[in-house]
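The structure under discussion appears below in the form of structure tokens.
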Amino acid sequence: TLMIVFLISSLVLYIISLMLTTELTHTSTMDAQEVETVWTILPAVILILIALPSLRILYMMDEITTPTLTLKTMGHQWYWSYEYTDYENLCFDSYMTPPLELDPGELRLLEVDNRVVLPTEMSIRMLISSEDVLHSWTVPSLGVKTDAIPGRLNQATLMTSRPGIYYGQCSEICGA
Amino acid sequence: MSEVRAQKPPPGKWWTPPFDPRFPNQNQTRNCYQNFLDYHRCQKTMKRRGKSAQPCEYYFRVYHSLCPISWVQRWNDQIKEGTFAGKI
């Protein structure tokens, strides 16, 4: 890496010295008013065009909706346990299927023994916490990633528009 | 503590704790804890006045939905032992 640093700095210094020690001079008028205006205004307009939808999405992310179901998930070393307690006390553990026990066609390191089943097209409140150390619950295809912190209950909102199987992996270093 | 079955809504009616404006952010720890406390305080007050504890069932449903089972068990054990830190 140091070689690359030396290479680049020597190249830059050489170009600077070339610029400073030339005998050529620009004799025509140095008037670049038009092009300067254009290349100042145009990027500003482009940035505004990018910023407005971006801000709209940012505020949309904080939208308050009343969920229809609450699902709690507790992180453990090294499995997740899920609790559906709106009606009955339904809780189960979900371990990753070891690679040797996979059926053909199943995805390595993603399949679990007990999957979480959720209804589609309904806003679901996820409450995520941990029983021991830091973990992180994520389902990338649903745009959810929330840290599981012992002693703290983090809320995330989920909504699936299509039926299907969605996978996720723990996203926080959680032990040897 | 009342049976959850007694609180089951009629079929076709979903129930999950609604948005609570006192706890609008991501951290819902206090939401769970506050409802747990409110339930026990409500029960205690209603018993003291000799009234039915039916209105307290809302708090029960909310904390039952929000609080992790292990937390509730731990708090209930602490209440039984008299070591619960909250004011009930």
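What the table below lists for this structure:
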{"quantity": "Residue A:88 within 10 Å of another protein chain (Cβ to nearest Cβ) and either touching a residue at least 24 places away in the same chain (Cβ under 8 Å) or charged (D, E, K, R) (or both)", "calculated": "yes"}
{"quantity": "Residue list for the range B:62-88, filter: free of Cβ contacts under 8 Å to residues at least 60 places away in the same chain, under 20 Å from residue A:152 (Cα atoms) and either buried (at least 20 other Cβ atoms within 10 Å of the Cβ) or of a type in the set (A, V, I, L, M, F, W, C) (or both)", "calculated": "B:62, B:63, B:65, B:66, B:67, B:68, B:69, B:71, B:72, B:75, B:84, B:85"}
{"quantity": "Residues of the range A:30-62 satisfying the condition of being away from chain B (no Cβ under 11 Å) and among the acidic types (Asp, Glu)", "calculated": "A:31, A:34, A:36"}
{"quantity": "Lone qualifier among A:100, A:134, A:109 - being out of contact with any Gly (no Cβ under 6 Å at 6 or more places or on another chain) and touching a residue at least 60 places away in the same chain (Cβ under 8 Å)", "calculated": "A:109"}
{"quantity": "Positions within the range A:1-36 being at pLDDT below 95 and among the hydroxyl-bearing types (Ser, Thr, Tyr), in sequence order", "calculated": "A:1, A:17, A:21, A:22, A:25, A:27, A:28, A:29"}
{"quantity": "Output for the range A:109-159, where each listed residue is among the hydroxyl-bearing types (Ser, Thr, Tyr) and within 13 Å of chain B (Cβ to nearest Cβ)", "calculated": "A:123, A:129, A:130, A:146, A:157"}
{"quantity": "Single condition residue A:145 does not satisfy, out of (1) within 19 Å of residue B:28 (Cβ to Cβ); (2) in contact (Cβ under 8 Å) with a residue 24 or more places away in the chain; (3) surrounded by fewer than 18 Cβ atoms within 10 Å (Cβ to Cβ); (4) over 16 Å from the mean Cα position of the chain (by Cα)", "calculated": "(4)"}
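The values are calculated or read from the model by the stated rules, or taken from the named source; none is laboratory data. On a predicted model such as this, the values are computed, not experimentally measured, just so you know. Here Cβ is always computed from backbone atoms with ideal geometry, including for glycine, and neighbour counts include all displayed protein chains.
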